[in-house]
Amino acid sequence: MSTLIDIPSPGWPLTFGAEGSPGIVLVHDGYGRLPFLEAYAAALAKLGFFVVVPDLFNGVAAVDLAGMQELEARSDIGFSEATLDDAIGMARGAQAARIGVIGIGLGGWYALRAAQRGQADAVIAYSAGLTSAESGIIPCPVMLHFSEIGDWGSTLAADEFVSRLKEVGTPVTRHLYPDTGDNFANATLVEFLDRAAAGLAFARSVSFLQAQLAD
């Protein structure tokens, strides 16, 4: 039986930081917009970014695997992509000259698809990639945080995705985190969290975004 919870500000994007700063849209994983994302966004804001955190699941989140699977199964791609595009538009409307998108898990997949549509100046995906059936040009630099134990880590699909990016000239940086699962950065779900890996991924993400989004 799944466990679903209601979240604050259902369906409405949360914002952090000062308008006019480089913009970042932070996209949740299949568990929904859990509290750790607010801490992640607040930390980015302290470093000089304007951060928007959309809610792709319209007010609901999960705290167990069954709940996550239920939310992913019933999520609507069209609604989620429109919600993400609205969040990117909100960041641009806050006078952000350049936009980065960070996505975790399912959110990483949506972030990469948004980048394919030309919506981002830089994109970071945790534990996510695009299959050969979803191949297409990503016209901005890409950073990938892959877990060693998971669907997007030391697998053939991950290797092929990185190879396709390189073949079309997309600048791509790939990091692999040993002994981690796909939810290693979800600090709300402490049973999955790897604090060292999550901290290193955050530091690498900040350095990447500072370089890519500088005026």
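The values are calculated or read from the model by the stated rules, or taken from the named source; none is laboratory data. Since we're looking at a predicted model, the values are computed, not measured. Neighbour counts are summed over all protein chains in view; Cβ atoms, including those assigned to glycine, are modelled from backbone coordinates with ideal geometry.
Hey, among the residues in region 134-181 that are in a loop (DSSP other than H, G, I, E, B) and among the charged types (D, E, K, R), which one's farthest from Gly108 (Cα to Cα)? Checking each candidate, the answer is Asp179. Just one of (1) touching a helix residue (DSSP H, G or I) at 6+ places or on another chain (Cβ under 7 Å); (2) in a loop (DSSP other than H, G, I, E, B); (3) of a type in the set (D, E, K, R) fails for Glu81. It is (2). Comparison of Leu44, Leu37 shows that the only residue that is touching a strand residue (DSSP E or B) at 6+ places or on another chain (Cβ under 7 Å), part of a helix (DSSP H, G or I), of a type outside the set (Gly, Ala, Ser) and farther than 22 Å from Ala97 by Cβ is Leu37.
Looking at Ala96, Ala73, Ala111, which is the one that is buried (at least 24 other Cβ atoms within 10 Å of the Cβ) and at pLDDT below 95? Of Ala96, Ala73, Ala111, the one residue that is buried (at least 24 other Cβ atoms within 10 Å of the Cβ) and at pLDDT below 95 is Ala96. Give me the pairs, please: first residue somewhere in region 188-215 and touching a residue at least 12 places away in the same chain (Cβ under 8 Å), second residue anywhere and of a type in the set (Asp, Glu), beta-carbon distance under 9 Å, and either six or more positions apart or on two chains. Short answer, once both residue conditions are applied: Leu189/Asp64; Asp194/Asp179; Ala197/Asp179; Gln212/Asp121; Leu213/Asp121.
Take Ile88 and tell me if it is under 28 Å from Leu200 (Cβ atoms) and in contact (Cβ under 8 Å) with a residue 24 or more places away in the chain. The answer is yes for Ile88. In region 58-70, the qualifying residues are those that are of a type in the set (A, V, I, L, M) and surrounded by fewer than 23 Cβ atoms within 10 Å (Cβ to Cβ), and the one that is nearest to Ala87 (Cα to Cα) is Val60.
Please tell me if Ile7 is surrounded by 16 or more Cβ atoms within 10 Å (Cβ to Cβ), under 21 Å from Gly199 (Cβ atoms) and of a type outside the set (Ser, Thr, Tyr). Judged against the criteria, Ile7 is not a match. Looking only at region 138-172, residues that are surrounded by 15 or more Cβ atoms within 10 Å (Cβ to Cβ) and of a type in the set (S, T, N, Q) come to 2 in all. Residue count for region 17-34, restricted to those that are assigned to a loop (DSSP other than H, G, I, E, B) and either buried (at least 24 other Cβ atoms within 10 Å of the Cβ) or not small (Gly, Ala, Ser) (or both): 9. Scanning region 161-215 for residues that are closer than 22 Å to Arg33 by Cβ and in contact with a Pro (Cβ under 9 Å, 6 or more places away or on another chain) yields Ala187, Thr188, Ala197, Leu209. Taking the criterion of being touching an Asp or Glu at 6+ places or on another chain (Cβ under 7 Å) and under 19 Å from Ile102 (Cβ atoms), the residues of region 137-151 that qualify are Cys140, Ser147, Gly150, Asp151.
Take Ala87 and decide whether it is part of a helix (DSSP H, G or I) and not basic (Lys, Arg). The answer is yes for Ala87. Scanning region 182-212 for residues that are touching a Phe, Trp or Tyr at 6+ places or on another chain (Cβ under 8 Å) and in a loop (DSSP other than H, G, I, E, B) gives Asp182, Asn183, Phe184, Ala185, Asn186, Ala187, Thr188, Leu189, Phe192, Leu193, Asp194. Among residues that are buried (at least 20 other Cβ atoms within 10 Å of the Cβ), among the charged types (D, E, K, R), touching a helix residue (DSSP H, G or I) at 6+ places or on another chain (Cβ under 6 Å) and not in a strand (DSSP E or B), Asp55 is not included.
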